[in-house]
Amino acid sequence: MRAPNLLRCVFLFLLFAPVAQAQNPEPRDEKLWQRALQIHRRAIVIDTHNDVTTPMTNNYFDLNGAPPIPYRTNIERMKQGGLTAEFFSLYVRPWYVQHGGSTRRTLDMIDAVYRAVERNPRDLMLATSVADIRRAKRLGKLACLMGIEGGHAIEDSLPTLREFYRLGVRYMTLTWNNTNNWADAGRGEKKYGGLNEFGQEVVREMNRLGMLVDVSHVSDETISDVLDVTKAPIIASHSSARALSNMSRNIPDDLLKRIAANGGVVNVNFYSAFVDTKTVTPQSNARDERLKAQQDAIDEKYKDDPERRAEESDKLEQANPLPPLPISKLIDHFDHIVKVAGIDHVGIGADFDGANDMPEGAKDVSMLPNITYELLKRGYSERDIRKILGENLLRAMGQAERVSRSMSKSISGDGSTRRIK
């Protein structure tokens, strides 16, 4: 039995208002806000990239209770944000490539996600498919998915890739900022002009498994090669539009169009430096110079402990935030991608707890209803907003599942079980 409309509005207001009111300094259109809350509540809301998995692994934080400083994600904030599904990032630092243990670190992070689900069964459920995400919505639970950030995690082994899929990993970012042994990174050395032969094999095997290929962090040439090879839609799990913010981590218009033709989805990153390069970069450079001595001391003290070093660096940044950036700058990226690629090819990949500086009104997962409100202000329909919030990602993921079912179920796409020698 449905509650009367008035009671439903009161419930939605109480659920979302405390966070959003505090973060919107401009006068708010209350009628439009109530409509935004209702749309947001009905929608499937998916964030394709959250780095809270790192403090979960390092600090044994299971999302229940206050997150360790300087991190911001927990179950209560996810509820306030109306989130349906979160992709927990399995980010493996390049330090592990140099010192060993990339696969072990990935397994530890997978275990942290499993433990969080096991400890919070009323609120969380492990999800590996479109059907699981839709079921989580019906049950009122948060669907917990996983994506590897950095293809070096598989240690150049297709069997290891398959094991990660069996454990529930549903996308892999082919590189981080470091070029690996089979794919060029956007900020790394350009060794192959994109993908080498083994990199192409990795993409084909991901298609066969049903694991989404993620092209955030990779070079433009790598994205182009992926699009030439893949049979399934690809994603950029946390990248914005390069035309608005000229960073290698963002996607240029020509590749936005190709990703659209592929059926893929570009999920907008909220990090201020990726949202507004012209405004933020000079300020960020000045901050880095001002804090250089402190950062150098951190680097030296924790040179053999990459996780502690990163945590202390995050604390230093949080204590020295960049000037605020209006949320309108973030919404401009959604607008641009819609204009260039189409309404079916944009989603949310906020990068919460992977970056400290976010626009006003979009600083953590609890504030996602503000995205719906801002899109309404710009004239988006409920149908189109629901696509952006999650339906686009579900469509791409569903197509990847169908491609997997249609491909050969041999040991791998070409019969290979090899790793790079």
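The numbers here are math on the coordinates, done by the rules we state, and not lab data. Since this is a predicted model, take the numbers as computed values, not measurements. Cβ placement follows ideal geometry from the backbone for every residue including glycine, while neighbour counts extend to all protein chains displayed.
Things worth noting here:
- With the simple spin-label model, which puts each label point 7 Å out from Cα in the Cβ direction, the Q38 to E163 separation comes to 5.2 nm.
- Label-point gap, in nm, between A319 and K191 - each point 7 angstrom along Cα→Cβ: 3.8
- Taken along the Cα-to-beta-carbon direction at a fixed 7 Å, the label points for D296 and K31 span 6.0 nm.
- Here segment 141-211 is assigned +1 on the Cβ of each Lys and Arg and -1 on the Cβ of each Asp and Glu. Its dipole about the Cα centre then comes out at about 320 debye.
- The structure-derived value of volume of the Cα convex hull per residue in Å³ appears in the list [x] 123; [y] 136; [z] 163 under the label [y].
- Label zone at Y114 (point 7 Å along Cα-to-Cβ), backbone N below 14 Å, segment 156-196: 163-169
- Given charges at beta-carbon only (K, R positive; D, E negative), |dipole| of the chain in Debye: 1620
- Size of electric dipole in segment 207-273: Cβ of Lys, Arg +1 and of Asp, Glu -1, about Cα centre, debye, nearest 20: 200
- Pairwise FRET efficiency - S406 versus S129, Cβ, R0 = 22 Å, nearest 0.05: 0.85
- The chain, helix-only ellipticity at 222 nm - DSSP H runs n ≥ 4, -39,500 (n - 2.57), divided by all residues, nearest 500: -14500 deg cm²/dmol
- Over 31 Å (Cα to Cα) - which of K339/K363; K191/K257; K231/K339; K257/K292; K191/K387; K137/K190 fall in this group: K257/K292; K191/K387; K137/K190
- Of the residues G140, L291, P324, the one whose Cα sits farthest toward the positive end of the charge dipole of the chain, with +1 on the Cβ of Lys and Arg and -1 on the Cβ of Asp and Glu, is G140.
- For N50, the amide hydrogen comes within under 5 Å of the amide hydrogens of F87, S89, counting only partners 5 or more places away or on other chains and with H modelled in the peptide plane.
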